[in-house]
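Nothing in this text is a laboratory measurement; each read-out follows from the coordinates by a stated rule. Here the structure is a predicted model, which means the values were calculated and not measured. FYI the Cβ positions are ideal-geometry reconstructions off the backbone, even for glycines, and counts take in every protein chain you see.
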Amino acid sequence: MKIDSHHHFWSYDPLEYDWIDDTMQPLRRDFLPEDLRTEIASAGVDGVVSVQARQSLIETEWLLGFADQEDFIKGVVGWVELSSPNVSAELERFAANPKLKSIRHVVQGELDDDFILRADFNRGIDELKKFDLAYDILIFERHLPQTIRFVDNHPSQRFILDHIAKPRIKDDVFEPWNTHFRELAKRPNVYCKASGMVTEADYGKWTEGQLEPYFGAALEAFGPERLIFGSDWPVCLLACDYAPWHKLVSRWINKLSSAEQSRILGGTAIEAYQL
């Protein structure tokens, strides 16, 4: 089974999605299950994991509602306020739906670069194991040192790193991302998504040659056993259509064994998210 481990839905509202700025005009419309169904068919993808794009409980309910209606939505990465004293009750409520597989907080959007180390946030992370939920790590590369410390505080928690930690591809900056990224990859409880790369480059000028060293580092650091394909649709549409991105990743891995290719294109996601 081929799985897309990372995509979003939204009914566009400029206040709800204020991160969609003037450089992202193509995203200022609705993107819903019927739109994605067409996209995955073009790439031969069988199922998807839907990821929160708003930090609200309504968003988590909305995504789980879609997952209940659409069989191709195999799992949901939702949001709850992990720093809340009521986090356990909220997790219990949402985890009653078996399609909830992981929780995510937009750490990259926090003003405090040490947010991921906050005591109240980490107490919330501790609650995830009770419900067998993973946690998706969304950061910029500058947060990698703190993230390594964060992961070390939770050695039995499943983590999934989004977008290879967003290196500065647009500026062709490889270090210190590469060093910190490889250090994080030494933690066996961390998986990594090969996603979001085209939009960390220049939307209109990126090249395969520019992206390939970053993908190569991710493959070498995590291996097929812990590297996961993701589209980041519809955000990827700013720089690349759905099927061409899937084709590009498939070409990068075509020298691997068929079993290793299957891991990256689906099997690893099934394991990481327990689909």
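Values for this structure:
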{"quantity": "Gaussian network model of the chain, springs between alpha carbon atoms under 10 Å - residue of Leu100, Leu237, Leu32 with greatest fluctuation", "calculated": "Leu32"}
{"quantity": "Residue order, fewest to most surrounding Cβ atoms within 10 angstrom, among Lys193, Lys166, Lys2", "calculated": "Lys2, Lys166, Lys193"}
{"quantity": "Cα convex hull of segment 1-104 - mean projected area over all directions, nm²", "calculated": "7.2"}
{"quantity": "Estimated translational D of segment 133-244 in µm²/s (Stokes, Kirkwood radius over Cα pairs; 20 °C; 1.002 mPa s)", "calculated": "152"}
{"quantity": "Candidates Ala43, Ala165, Ala96: whichever shows maximal mean-square fluctuation once the chain is modelled as a Gaussian network with Cα springs under 10 Å", "calculated": "Ala96"}
{"quantity": "Value at 222 nm in deg cm²/dmol, rounded to 500, when DSSP H runs of n ≥ 4 in the chain each add -39,500 (n - 2.57)", "calculated": "-11000 deg cm²/dmol"}
{"quantity": "Pairwise label distance in nanometres, Ser257 with Ser42, each label 7 Å out on the Cα-Cβ vector", "calculated": "3.4"}
{"quantity": "q = 0.08, 0.15 Å⁻¹, the chain: log10 I(q)/I(0) [Debye, one scatterer per Cα]", "calculated": "-0.29, -1.15"}
{"quantity": "Length-normalised contact order for the chain - Cα pairs under 8 Å, 6+ apart - percent", "calculated": "20"}
{"quantity": "Distance violations [Cα-Cα > 20 Å] among Lys2/Lys247; Lys101/Lys247; Lys2/Lys205", "calculated": "Lys101/Lys247; Lys2/Lys205"}
{"quantity": "Reduced Cα scattering model of segment 131-199, Debye log10 I(q)/I(0), q = 0.16, 0.24, 0.28 Å⁻¹", "calculated": "-0.50, -1.07, -1.39"}
{"quantity": "For segment 116-176: relative contact order, % (alpha-carbon pairs under 8 angstrom, 6 or more apart)", "calculated": "38"}
{"quantity": "Whole-Å distance, taken between Cα centres, linking segment 1-41 and segment 204-265", "calculated": "20"}
{"quantity": "Residue with peak Gaussian network fluctuation, the chain [Cα springs, cutoff 10 Å], from Gln69, Gln210, Gln157", "calculated": "Gln69"}
{"quantity": "Spatial separation of Cα centroids for segment 87-140 and segment 53-68, in angstrom", "calculated": "15"}
